[in-house]
Structure formats: structure tokens, C-alpha cells
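Rule-based calculations on the coordinates, nothing more; no lab input. Please read all numbers here as calculations on a predicted model, not as lab measurements. Note: ideal-geometry Cβ built from the backbone for every residue, glycine included; neighbour counts use all protein chains shown.
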């Protein structure tokens, strides 16, 4: 099965890929060359740090290329699911005990970023929300125990 990815998320990942290939990869290659020029590589911390950085960059490039080529791109703005929660939905929740409001967008695993309110489709919160409707109550297993939320809004933003 192809992993879902929002169009906006794919654009961000392509930008990251381009940055890695055109800026970070050449910079780390230059850093390795400079560290090599300092002589003995066994005890050269800069060389080993640059090699580790290169390994990370190359791994991330491979991961992004693979994910982007295998992803199923979904344009959230064209979804017409009404008040039903499906992939790509932006969901407003209200804690039934405290009335605290939270907003999450359900996105692909690779583009999830909890700091920006973007949760992975595979996360427990997203799994609890998928298929529900505006006005429904949902119970979400949180680290601090179960929490009860009401879905107060469902939107599909591009």
C-alpha cells in the first residue's frame, strides 16, 4: 500500500531534499576534504564528525527519495468529506472535562510534526478520530490516561 502524503507535505519534503542535495551535501564533502588535509585521520574529530554528518545526509536523501516516489499524493483542498474525519482533515477538539481546545491535521507519517499540530495517520489520536463526525465524542488513550474529547469542527484546508 502506498503511504498517503498531502500535496503541501510533499512540497515541504521536496524542498528539504533539494536543500540536502544542493547545499548540505556539498558542504559536508568540503568539510571532509578540509579535515583530510589536517593529516592523521584516526584521531581527527572533525573528520569523523563530518563523516557521520555525511552518513546522516545520504540516509535522509535516500529516505526522502523513496518516500516521495512511493507516496500517494492527496490534495486536501479537493476532498469533500463534509463533517467526516478522513486523511487530511483539520480537526478541532474540545476536552469534555476542561473545555481546553486542540487542533490537529491528520497527515502522512513522514510529514507529521506535533509542534505544528500535524499528527501522523498511524498515531493513536488519528486512529481514534478517523471515520468520526463533527459533534461526536471520542476517547483517546493519552500517556496520562484516557481523555474524552468532542469533535467541534472538521475542515479541509489546502
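For the Cα atoms of the chain, what angle does the longest principal axis make with the long axis of helix 45-70, in degrees from 0 to 90, nearest 10?
Computed tilt is about 40 degrees.
For segment 15-66, report the convex hull volume of the alpha-carbon atoms normalised per residue, in Å³, without decimals. Spell out each step's value before the answer.
Numbers: hull volume 2.8 nm³, N = 52.
So the per-residue Cα hull volume is 54 Å³.
Hey, in the GNM for the chain with a 10 angstrom Cα cutoff, which one of 56, 133, 87 fluctuates hardest?
56
For segment 51-152, max minus min Cα coordinate along each principal axis, in Å, sorted largest first?
Cα spread of segment 51-152 along its principal axes, largest to smallest: 51, 35, 17 Å.
Between 0 and 90 degrees, rounded to the nearest ten: what's the tilt of helix 25-36 against the longest Cα principal axis of the chain?
30
At 222 nm, what value in deg cm²/dmol follows for the chain if DSSP H runs of at least 4 each add -39500 (n - 2.57) and the sum is divided by all its residues, to the nearest 500?
Values: 4 runs with 57 residues, N = 158.
Helices in the chain give a 222 nm mean residue ellipticity of -11500 deg cm²/dmol.
Among 2, 155, rank each residue by its count of other Cβ atoms within 10 Å, from fewest to most, as a rough exposure measure.
Values: 2 9, 155 14.
With the sparsest Cβ surroundings first, the list reads 2, 155.
Specify the angular offset, from 0 to 90 degrees and rounded to the nearest 10, of the alpha carbon long axis of helix 7-19 from the longest principal axis of the alpha carbons in the chain.
For helix 7-19, the angle is close to 10 degrees.
Along Cα→Cβ, 7 Å out, is where each label goes; now give me the distance between the ones at residue 16 and residue 68 in nm to one decimal.
Here the modelled spin labels are 1.2 nm apart.
Counting only DSSP beta bridges with both residues in the chain, what percent are antiparallel, rounded to the nearest 5? Please list the in-between numbers first.
Details: 19 of 25 bridges.
Once the DSSP bridges in the chain are tallied, antiparallel ones form about 75 percent.
Modelled label-to-label distance, residue 23 and residue 157, 7 Å Cα→beta-carbon offset: nm?
It works out to 2.5 nm between the two label points.
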